[in-house]
1. For the stretch 52-71, does any single residue satisfy the condition of being under 19 Å from the mean Cα position of the chain (by Cα) and without any contact (Cβ under 8 Å) to a residue 40 or more places away in the chain?
2. Restricting attention to the stretch 63-75, does a residue exist that is more than 18 Å from R186 (Cβ to Cβ), modelled with pLDDT of 95 or more and assigned to a loop (DSSP other than H, G, I, E, B)?
3. Please state which one of V180, V170, V130 is closer than 16 Å to R113 by Cβ and either modelled with pLDDT of 90 or more or in contact with a helix residue (DSSP H, G or I) (Cβ under 7 Å, 6 or more places away or on another chain) (or both).
4. Exactly one condition in (1) among the small types (G, A, S); (2) part of a loop (DSSP other than H, G, I, E, B); (3) modelled with pLDDT of 95 or more is false for S83; which is it?
5. Just one of I121, I134, I80 is surrounded by 16 or more Cβ atoms within 10 Å (Cβ to Cβ) and touching a Lys or Arg at 6+ places or on another chain (Cβ under 8 Å); which is it?
6. Would you check if I160 is among the aliphatic types (A, V, I, L, M) and modelled with pLDDT under 90?
7. From the list A129, A105, A158, A152, which residue is touching a residue at least 24 places away in the same chain (Cβ under 8 Å), assigned to a helix (DSSP H, G or I) and surrounded by fewer than 21 Cβ atoms within 10 Å (Cβ to Cβ)?
8. Within the stretch 83-91, can one find any residue that is within 20 Å of A155 (Cβ to Cβ), surrounded by fewer than 14 Cβ atoms within 10 Å (Cβ to Cβ) and touching a helix residue (DSSP H, G or I) at 6+ places or on another chain (Cβ under 9 Å)?
Amino acid sequence: MVTVEADCVHVESRLAAGQIGCPACSRGVLGGWGFARARRVAGLTGPLRPRRARCRSCLVTHVLLPVTVLLRRGYAAQTIWDSLSLRSHGRGHRQIAARLKVPAATVRGWLRRAGGRLEVIRAWFLRVAVRTGIDVEIPDGFGCRWRDVLAAVAAAAAAIGQRFGPVGLVGAVTAAQVMVAVSGGRLLAPGWPPLSPAR
């Protein structure tokens with residue numbers, strides 16, 4: 001699975017030009033290889049049908065997941081980001097679920113998964129901010145691990161926006177998209193983050 005921008009036309013042009021590298025072999029480039037099955041994602045208009053790609057060197061296939069969704073989640077990344085933001089303001093899972101119109105058990109699952117690794121998530125995003133940005137300001141601790149994570153994601157988003165332009169090269173840089181891109185779509189997946197740091 002490879003995380004790509006939400007603009008399908010730009011993804012197609014990058015595939016045709018051989019501009020997406022293979023994460024499996026690190027030496028090949030990806031080319032178009034059909035589509036994954038269409039699925040409904042709450043919070044997105046219309047069904048999502050991710051592009052599939054195949055490495056021209058090692059022949060491994062990958063699904064190109066847009067930065068609008070997390071891996072194996074039926075809700076848009078923005079909805080999940082909103083739930084984490086509301087949790088940082090002291091809301092419980094039932095209040096968050098009612099506000100976002102999402103089942104309480106689903107929100108509870110998101111919060112439990114993220115809550116079990118808050119410090120690791122914070123460190124991961126701060127590392128990305130420092131490696132990407134120029135004169136990055138590390139946020140102070142707020143005394144709330146949830147707010148600290150949100151501040152780290154915001155720092156990474158600011159660093160990426162500073163490096164590539166807030167709109168220009170990569171489009172509008174939002175915290176939810178940074179959450180997906182930096183975690184490779186795996187923020188709530190088992191085994192993320194990996195033991196080795198981001199490069």
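The values are calculated or read from the model by the stated rules, or taken from the named source; none is laboratory data. All figures in this text were calculated on a predicted structure; none of them were measured in a lab. For neighbour counting, all protein chains shown are included, and Cβ atoms are generated from backbone atoms with ideal geometry for every residue, glycine included.
1. yes
2. Checked against the condition, which is being more than 18 Å from R186 (Cβ to Cβ), modelled with pLDDT of 95 or more and assigned to a loop (DSSP other than H, G, I, E, B), the stretch 63-75 yields no hits at all.
3. Criteria check complete, one pass: V180.
4. (2)
5. On the way: I121 fails: touching a Lys or Arg at 6+ places or on another chain (Cβ under 8 Å); I134 fails: surrounded by 16 or more Cβ atoms within 10 Å (Cβ to Cβ).
Step by step, each of I121, I134, I80 is checked, and only I80 is surrounded by 16 or more Cβ atoms within 10 Å (Cβ to Cβ) and touching a Lys or Arg at 6+ places or on another chain (Cβ under 8 Å).
6. Working: among the aliphatic types (A, V, I, L, M): yes; modelled with pLDDT under 90: yes.
Answer is yes for this residue.
7. So the residue among A129, A105, A158, A152 that is touching a residue at least 24 places away in the same chain (Cβ under 8 Å), assigned to a helix (DSSP H, G or I) and surrounded by fewer than 21 Cβ atoms within 10 Å (Cβ to Cβ) is A158.
8. yes
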